[in-house]
Amino acid sequence: MMKVITNSNESEAKSDALKIAVHDGCFHLDELLAVALVQMAKPHSDIEVYRVPHKTSEFENFDMVIDVGGKYDCVKYFDHHQPEAKDLCDVNGVKYSACGMIFNRYAADITQEFFPNNMESQIALRRKFLEVLEPIEIGDNDTSVLEEGDNRQWKTVTLPEVVRTFNYKDFYDAENQAEKFEAAYNIVDTWLHQWFTSTASRIPQVIEMRHVIEGASWFMPILQLTKAGPWQESFFDLESEHKDLKDADMKVVVFPGRDPNTFNIQAIPEKFGSKKSRLTAPTKYRNGSCKELRGHEVVFTHASGFMQVIKADSLVDAVEAAKGWFEE
């Protein structure tokens, strides 16, 4: 059983539980799937998940550290953001994300449960799951191969695909199908309510960000926003509506970060919903060899180069620093 431990329920923590650290802030399918794979590999273990700040460096009290920590040893640490991880790939040459690292560690344990002492079937099951896993890893790292005609056929998981998995066995067993229908319904019902709740909560923010973008300067390829928010949808709507914004050929957006005196520099996608960026951070920041951007401390650079966090005294200073993206 998995439980997230917070300050409010810390008293419920168990001393014999497997303690896993993941990063705080926005969570992704990568670490969710990684934790689920650990639970699948250890079905009889209680798992406690602790969401820690990205800058955390002390992990002595944890049994596993996933998607944070800046290390990978295939035992305790399973992070893929550090420069040293850029060459770590699976058997198909796809760069690991955290869930791929975890599956690499526990694939034998998981497949053995389905096919005891049948190596051929275990290998087949592993290959089938990689078809599901690899697009998730690419999306979490760098999606360029998906958009540049990679010869392999990537299989992305959709809601219909999730539902279909409940129909793969005992298709004509009415009693079994009734149970599977209820299980599938619970997933769809949870998703449906969460989709409407989440989308409805974002609409006021999207509208507000449209006004923020409308009030920004459009005379150079750096869009400067006075606040953070869901900017992409409004930006692409406005770009299609206003020739001045289209002609500005915006490449990056700069806005205040989560921590004081930090600012995010984020690449603008080629089109709405695309993972391919108009510009990325220079290689020297992606590989970790340079820690300053035009005199400003670099806090974090995503391995794919689509996003960077820097320290600056003001938005104006951050915009000046962002010009460093154009100097490679």
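Some points to look at:
- Selection status of ASP170, surrounded by 10 or more Cβ atoms within 10 Å (Cβ to Cβ), modelled with pLDDT under 85 and of a type in the set (Asp, Glu): yes
- Flag for SER234 being surrounded by fewer than 19 Cβ atoms within 10 Å (Cβ to Cβ) and not β-branched (Val, Ile, Thr): no
- The stretch 126-150 residues that are closer than 13 Å to ASN104 by Cβ, paired with ones that are at pLDDT below 80 and surrounded by 15 or more Cβ atoms within 10 Å (Cβ to Cβ) (beta carbon under 7 Å, 6 or more apart): GLU134/TRP154
- Residue in the stretch 225-240 that is modelled with pLDDT of 90 or more, of a type in the set (Gly, Ala, Ser) and touching a strand residue (DSSP E or B) at 6+ places or on another chain (Cβ under 7 Å) present: yes
- Residue identified as in a helix (DSSP H, G or I) and either of a type outside the set (Asp, Glu) or touching a Leu at 6+ places or on another chain (Cβ under 9 Å) (or both) among VAL65, VAL35, VAL91: VAL35
- Residue count, the stretch 94-121 (criterion: assigned to a loop (DSSP other than H, G, I, E, B), of a type outside the set (Ser, Thr, Tyr) and closer than 23 Å to VAL35 by Cβ): 1
- Selection count, the stretch 69-99, where residues are farther than 19 Å from TYR50 by Cβ, among the β-branched types (Val, Ile, Thr) and either buried (at least 20 other Cβ atoms within 10 Å of the Cβ) or modelled with pLDDT of 90 or more (or both): 1
- One residue stands out in the stretch 6-16 among those that are over 22 Å from the mean Cα position of the chain (by Cα) and either on the phi > 0 side of the Ramachandran plot or outside any helix (DSSP H, G or I) (or both): the one that is surrounded by the fewest Cβ atoms within 10 Å (Cβ to Cβ), namely SER15.
- ARG105 surrounded by 14 or more Cβ atoms within 10 Å (Cβ to Cβ) and either under 17 Å from LYS42 (Cα atoms) or in contact with a strand residue (DSSP E or B) (Cβ under 6 Å, 6 or more places away or on another chain) (or both): yes
- Top-ranked residue in the stretch 1-39 [being polar (S, T, N, Q) and either touching an Asp or Glu at 6+ places or on another chain (Cβ under 7 Å) or at pLDDT 85 or above (or both); ranked as farthest from PRO135 (Cα to Cα)]: SER15
- Of the candidates LYS19, LYS3, the single residue that is in contact with a strand residue (DSSP E or B) (Cβ under 7 Å, 6 or more places away or on another chain), surrounded by fewer than 17 Cβ atoms within 10 Å (Cβ to Cβ) and part of a strand (DSSP E or B) is LYS3.
- Residue check for PHE263: in contact (Cβ under 8 Å) with a residue 24 or more places away in the chain and touching a helix residue (DSSP H, G or I) at 6+ places or on another chain (Cβ under 7 Å): yes
- With respect to the conditions (1) surrounded by 10 or more Cβ atoms within 10 Å (Cβ to Cβ); (2) of a type outside the set (Val, Ile, Thr); (3) assigned by TED's automatic domain parsing to the domain that holds PRO260, LEU192 lacks only one, and its number is (3).
The values are calculated or read from the model by the stated rules, or taken from the named source; none is laboratory data. Just so it is clear, the structure is predicted and the values come from calculations on it, not from any experiment. Cβ coordinates were reconstructed from backbone atoms using ideal geometry, including for glycine residues, and neighbour counts include every protein chain displayed.
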